[in-house]
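The values are calculated or read from the model by the stated rules, or taken from the named source; none is laboratory data. Computed from a prediction, not measured in an experiment: that's the story for all the values here. Cβ coordinates were reconstructed from backbone atoms using ideal geometry, including for glycine residues, and neighbour counts include every protein chain displayed. Heavy atoms of the whole protein, side chains included, go into the accessibility calculation; ligands, DNA and RNA do not. Shrake-Rupley method; radii C 1.70, N 1.55, O 1.52, S 1.80 Å.
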Amino acid sequence: MIVLQGVNKIHGPGGPAQFQSLFDIGFEVKAGELVVLKGVSGSGKSTLLSIIGALQKPTSGEIEVDGRRIAKLPDLHASAFRAKTIGFIFQALNLFEEFNVAENVALPLIPTGMSQKEIDGEVDRAMKVANIQHKATRSVRDLSGGEKQRAAIARALVNDPKIILCDEPTANLDRANAEVFISILGELKSLGKTILIATHDPMFEDLGLVDRVLSIEAGRVVDP
Ligand SMILES: Nc1ncnc2c1ncn2[C@@H]1O[C@H](COP(=O)(O)OP(=O)(O)O)[C@@H](O)[C@H]1O
Ligand SMILES: [Mg+2]
């Protein structure tokens, strides 16, 4: 489902200001796998996720996601690819505080041209999986941290993506909400989603759900 080969990322214009965050990254994630990308802050996890999600392009290397080569995808095609294939759950949840939960969850579907009835159906389905449907009409501003994250999960699921990318998903959660998050992950896995989680939370270390842990150190994937 995800194949990387020789991926390098260099930031900046060149000269002394440039910085290489990823070095010769190569790995594969099969359909339905849940893989943890483990590494300390600054090791390159977020950069790698954003390259897999076609939010950034690598400086060199090949990336195939769901059968598409995305390393050189023009921006317009990259956004269409994301809308169809990828659900993102970021640490900064990027919700609109003024809007209610259902409105936030519906946002990714606005450009698709679906009817309001179809949108409502998908929004309901996603809110149920994320266990936030009881707050559908509440402003995001009034939600707790754990509820905000569940709203963000629902939004990531609303386009029924094959792949879900999570960046430090438990960083701002207390233990109880982290456990809720993990039970939602279990449900996503049983739906056959391919899931990649960047984290340094030890909670993921002995989790039965996790198929594989990839360690990243200073921009390189290392053997555990
Ligand atoms: N746009 C950028 N310009 C310069 N350096 C960057 C940029 N993005 C990330 N980096 C650097 O790349 C390294 C990896 O960053 P990041 O992928 O955010 O790591 P992590 O998510 O593991 O904390 C860091 O040293 C960071 O400062
Ligand atoms: Mg990060």
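A few remarks follow.
- When only the Cβ of Lys, Arg, Asp and Glu is charged (+1, +1, -1, -1), the dipole of the chain relative to its Cα centre reaches about 400 debye.
- Measuring only protein heavy atoms, the 1.4 Å probe finds residue 27 accessible over about 20 Å².
- Highest-fluctuation residue, 184, 63, 164 considered, GNM on the chain with Cα pairs under 10 Å: 184
- Whole-number percent relative contact order across the chain, with pairs defined as alpha carbons under 8 Å at least 6 apart: 30
- Average accessible surface area per residue within the range 132-195, 1.4 Å rolling probe, Å²: 40
- Near residue 59: Cβ cut-off under 14 Å, other residues only, Lys/Arg at +1 and Asp/Glu at -1. The net charge is +1.
- Crossing angle, helix 75-85 versus the chain [Cα axis fit, 0-90 degrees, rounded to tens]: 60
- Relative contact order of the range 96-178, taken over Cα pairs closer than 8 Å and 6 or more residues apart, is 39 percent.
- Residue-by-residue Karplus 3J(HN,Hα) for the range 209-215, coefficients 6.51, -1.76, 1.60, Hz, glycine and proline x: 5, 7, 7, 7, 10, 9, 9
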